[in-house]
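The values are calculated or read from the model by the stated rules, or taken from the named source; none is laboratory data. Fair warning: this is a prediction, and the values are worked out from it, not measured in the lab. When we count neighbours, we look across all protein chains shown, and the Cβ atoms used for this are built from the backbone with ideal geometry, even at glycine.
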């Protein structure tokens, strides 16, 4: 789609690292961006920082998501981000894994990282670049794919 015809983009989990970076990237690409997040304080802060619309919402609430869609108007891009990246929930998973295996948390993390080709976490900007590509004219021939931006997790 040409920049003149770019419409709206909704990003759920827009207050988090990946969601924030996708919102930043798509706004720079010329989309009208609406972010939503269950964390109202962080969502409002990101909305102000990026100068995009923030609509508080819980992705598990049909009523909330209807409000978000109504606010966004015509939508060309929908990025749904459930939020399981490095953070408290991930750290809790590492701790449980370590306890179950009888190893330290660092050893558990090292085991997980050894199963990725890049041997590191993916940066939010790397995910945003993939979304930006798929939302661009360059991807017009790309249909029906699953694009795994995981660093080659095996």
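Can you tell me which residue in the stretch 10-33 is modelled with the lowest pLDDT, limited to those that are closer than 14 Å to residue 58 by Cα and more than 8 Å from the chain's Cα centre (by Cα)? Among those residues, the one meeting the criterion is 15.
When the test is whether a residue is over 22 Å from residue 16 (Cβ atoms), in contact with a helix residue (DSSP H, G or I) (Cβ under 8 Å, 6 or more places away or on another chain) and at pLDDT below 90, residue 79 does not pass it.
Of these, 9, 23, which one is touching a strand residue (DSSP E or B) at 6+ places or on another chain (Cβ under 7 Å) and part of a helix (DSSP H, G or I)? Selected residue: 23, the only one of 9, 23 that is touching a strand residue (DSSP E or B) at 6+ places or on another chain (Cβ under 7 Å) and part of a helix (DSSP H, G or I). Residue 67 meets all of the listed conditions (1) touching a strand residue (DSSP E or B) at 6+ places or on another chain (Cβ under 9 Å); (2) closer than 22 Å to residue 21 by Cβ; (3) modelled with pLDDT of 90 or more but one, namely (2). Take residue 4 and decide whether it is at pLDDT 95 or above, farther than 17 Å from residue 149 by Cβ and over 15 Å from the mean Cα position of the chain (by Cα). In short, no.
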